[in-house]
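**Student:** Let me begin by handing over the structure; questions about it come next.
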Amino acid sequence: IPRYRGHYVLFYRCGTHRHIDCDVKAGKIINPEFIAKCPPGCQDVKYRVYGTDIYASFSSVCNAAIHSGIIDNAGGKILVQKVAGHSGYRGSFSNGVRSLSLPRWRESFLVSGTMVEHQTTSFAPHKKHSYQKGLKVFSVFLCLSSDCKVDLSFLMDGSWSIGKRRFQLQKRFLGNVAQALGIGSAGPLMGIVQYGDDPSTEFNLKTYTNSKDLRSAIEKIPQRGGLSNVGKALSFVNKNFFLDANGNRGGAPNVVVVLVDGWPTDQVEEASRLARESGINIFFVTVEAATEIEKQNVIEPDFVDKAVCRTNGFYSINVPSWFSLHKVVQPLVKRVCDSNRLACSKTCLNSADIGFVIDGSSSVGTGNFRTVLQFVANISKEFEISDTDTRIGAVQYTYEQRLEFSFDKYSTKQDVLSAIKRISYWSGGTSTGAAISYATEQLFSKSKPNKRKIMILITDGRSYDDVSVPAMAAHQNGKLFYCYLLSPHASAFIQGREMRFATIRRHWMKFYEGK
């Protein structure tokens, strides 16, 4: 059984839960362990409770959960564990519920939620385990989907500033996370990189394929010392960790969780951006933030907001003390397993300014132009659009050029799609080279410095001016990645609709990889 600070930690992976009424007693349910959902309004004297912390099975399950502080009168999910009967149950008043004393009962039960600490007397939560009087047991109730498949790298802080005791707490935390995840070749895989002055891989994704072996390996990791060079560690992981040779599975999301004691001693923003653009989801768990005096020496005061994909709190967890770290096991595991919210896995690039340069010449035609706009909209749908994520801009051209909308005009996906739909067909001659120069000067000059700059040119391939010189200038202008989509006739967009996304992704990755 995993332990935390000398105490046992019990992990439970939940499946389906049962809805129960307020008057349901634990003794009426046969299962030794079950998950129940209590309705609102169970805090009532008619739903009697016997005991404190350990309850007689004659008690109302839901009111006992309120008494213990697991839920309130609004109801909620709880985990119930049947244990042996006791010779006596002590009544008390807690959380608005008065529990009663009882001299003896044949069966007892415990209730727990996300993370609750029980001060126990002698009991056996499971037949093959017994505990001494006064031992504390942490019950971790994890509601995870059975299809949690993720390739996970933990960056553990090995700097001297963390100290030996907190380094041990960090290792126990990692062991508890490994246990909660349920490591396996068909599910989540986990490797660890320790950082200080320089990062070093302790073990990669394919080294251990079960939680028991992984936890044993974590316990043996020595502290390497040094500074807290998080940026250097992120660059190392981006280039070296998620490789096929190291067990990267391709179809599983790549996730990095960075544990930081205090603050980094190097720049984090650029390394994080490059990692995100490689499709890596970055989470930060920060512990014991810098004091007011120490903040004067911090290189990047807002390093977490600069490093993560979103600044909505999903990708960052702050823990006030290393002794509270066990409380974030469940929230962290839930987040890294939530594939629907791992934004960096959904697009080949993140934090980009994408500018569409659209041919509106007479040779395109009205019908084909509308199809081109649908093509632009379909590409835009693939990205998370906001001021801090991907931004979209558009230019239409004939002999002349027109800025349809700039990068900072719209900050939601719906607004961008509506703006694309409103673009009216211009008609006229074709000066593609001039359009590229215009987009570089009028659209991309307003791009943010930390954004990847991508120009997507859509044309029927006929131009009355030179294209090569403006295209080369655009490509060389401040890491501008230039993607050129060429079709002999605009009607090809209609004939090959099924090939659109394959074509754009193939061209995109070709330019992105610099081939």
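The values are calculated or read from the model by the stated rules, or taken from the named source; none is laboratory data. This is a predicted model, so every value here is computed, not measured. Every residue, glycine among them, receives a Cβ derived from its backbone with ideal geometry; neighbour counts consider all protein chains shown. Note: accessible area is taken over every heavy atom of the protein model, side chains too, but ligands, DNA and RNA are not part of it. Shrake-Rupley method; radii C 1.70, N 1.55, O 1.52, S 1.80 Å.
**Student:** Shape call for segment 18-113 from the C-alpha gyration tensor, a ≥ b ≥ c root eigenvalues: rounded (a/c under 1.5), prolate (a/b greater than b/c) or oblate?
**Tutor:** Details: a/c = 1.76, a/b = 1.16, b/c = 1.52.
It is oblate, given that a/c is not under 1.5 and a/b is not larger than b/c.
**Student:** So what J values fall out for segment 375-386 if you push phi through Karplus, 6.51 cos²θ - 1.76 cosθ + 1.60 with θ = phi - 60°, rounded to Hz, Gly and Pro as x?
**Tutor:** Rounded to whole hertz, the list is 4, 4, 5, 5, 5, 4, 4, 6, 10, 7, 9, 6.
**Student:** May I ask you to give the solvent-accessible area per residue for segment 352-485, in square angstrom, as obtained with a 1.4 angstrom probe?
**Tutor:** On the way: 5410 Å² over 134 residues.
About 40 Å² of surface per residue is accessible.
**Student:** I'd like the distance between the alpha-carbon centres of segment 317-336 and segment 37-98, rounded to an integer number of Å.
**Tutor:** Result: 27 Å between the Cα centres.
**Student:** Another one. How big is the gap, in Å, between the Cα center of segment 425-471 and the Cα center of segment 228-288?
**Tutor:** Computed from Cα coordinates, the inter-centre distance equals 35 Å.
**Student:** Starting from the Cα of SER445, step 7 Å along the direction of its Cβ; do the same at GLU382; then give the gap between the two resulting points in nm.
**Tutor:** Once both label points are built, they end up 3.0 nm from each other.
**Student:** Can you put PHE241, PHE58 in order of accessible area, largest first, using a 1.4 Å probe?
**Tutor:** On the way: PHE241 5, PHE58 90 Å².
Descending order: PHE58, PHE241.
**Student:** I would also like to ask the following. Which percent of the Cα-Cα distances in segment 151-337 go past 29 Å? Provide the component values of the computation, followed by the final result.
**Tutor:** Details: 2069 of 17391 pairs.
Every Cα pair in segment 151-337 considered, those over 29 Å come to 12 percent.
**Student:** Going through the cross-link list LYS171/LYS334; LYS220/LYS327; LYS149/LYS171; LYS149/LYS212; LYS232/LYS409, which pairs have a Cα-Cα distance over 30 Å in this structure?
**Tutor:** Numbers: LYS171/LYS334 20 Å; LYS220/LYS327 23 Å; LYS149/LYS171 23 Å; LYS149/LYS212 18 Å; LYS232/LYS409 35 Å.
Cα-Cα > 30 Å for LYS232/LYS409; rest within.
**Student:** Another question, then. At a Cα cut-off below 12 Å, give the aspartates and glutamates reachable from LYS448, other chains included and same-chain residues fewer than 8 away excluded.
**Tutor:** ASP353, ASP387, ASP389, ASP408
**Student:** Across the Cα atoms of segment 352-485, what radius of gyration and what greatest pairwise Cα-Cα distance (Dmax) are found, in Å?
**Tutor:** 13.7, 38
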